[in-house]
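Read the structure below first, then the notes.
The values are calculated or read from the model by the stated rules, or taken from the named source; none is laboratory data. Predicted, not measured: the structure shown is a model, and the values here were computed from it. Note: ideal-geometry Cβ built from the backbone for every residue, glycine included; neighbour counts use all protein chains shown. In case anyone asks, the SASA skips ligands and DNA or RNA and just uses the protein heavy atoms, side chains included. Shrake-Rupley method; radii C 1.70, N 1.55, O 1.52, S 1.80 Å.
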Amino acid sequence: MIKFILPLIVLLSAPFSINAQEKTSYQLSTHILDINSGKPASGVIIKLYQKRSDNLWQEIDSGITDANGRIADFLPQDKDNSGIYKLSFETKEYFEKQKLSSIYPYVDVVFQIEGNSHYHIPLTMSANGYATYRGN
């Protein structure tokens, strides 16, 4: 019986080991902390733009923050992502859900990527202010 079970286990586990080797790494992540509530801002749409050679912005990706206020999978690291980017945090709907009025319908953060190191661009915000920095 063991002669039949062992090969079956090896055969069934093969797809999992292949998928583990193919895991994509990402160069850019972000998160939002609502400093008014002291909690992550979940459900916020964030759009990623890249500045083109003609100085216009091209949307290249978007996502919605998870329960921890994070998006961890912008810019797959399997290519050269050097360039100027903009994260556009769509904050209006978030504050409306909180029954707060904000002077910021969105927050744009422009930054430059050089090389292949990881970039984490967090946003701390309230209805009337925000700050950003390069995190890790």
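Entry remark, the stretch 68-99: residues being in a loop (DSSP other than H, G, I, E, B), open to solvent by less than 80 Å² (accessible area, probe 1.4 Å) and at pLDDT 95 or above number 4 in total.
Could we say that Asn36 is modelled with pLDDT under 95, open to solvent by 90 Å² or more (accessible area, probe 1.4 Å), of a type outside the set (Phe, Trp, Tyr) and in contact with a strand residue (DSSP E or B) (Cβ under 8 Å, 6 or more places away or on another chain) here? Answer is yes for this residue.
Return yes or no: is Leu56 modelled with pLDDT under 95, farther than 30 Å from Lys97 by Cβ and of a type outside the set (Phe, Trp, Tyr)? Judged against the criteria, Leu56 is not a match. Quick check: anything in the stretch 103-111 touching a residue at least 12 places away in the same chain (Cβ under 8 Å), open to solvent by 20 Å² or more (accessible area, probe 1.4 Å), under 12 Å from Gln50 (Cβ atoms) and in a strand (DSSP E or B)? So far as the stretch 103-111 goes, yes, one or more of its residues are touching a residue at least 12 places away in the same chain (Cβ under 8 Å), open to solvent by 20 Å² or more (accessible area, probe 1.4 Å), under 12 Å from Gln50 (Cβ atoms) and in a strand (DSSP E or B). Among the residues of the stretch 49-100, those identified as touching a residue at least 40 places away in the same chain (Cβ under 8 Å), within 24 Å of Ser25 (Cβ to Cβ) and of a type in the set (A, V, I, L, M, F, W, C) are Ile71, Ala72, Phe74, Leu75, Leu87, Phe89. Filtering the stretch 73-95 to residues that are touching a Phe, Trp or Tyr at 6+ places or on another chain (Cβ under 8 Å) and among the acidic types (Asp, Glu) leaves Asp73, Glu90. Restricted to the stretch 57-67, and to residues there that are in a strand (DSSP E or B) and not small (Gly, Ala, Ser), the residue that is most open to solvent (accessible area, probe 1.4 Å) is Ile64.
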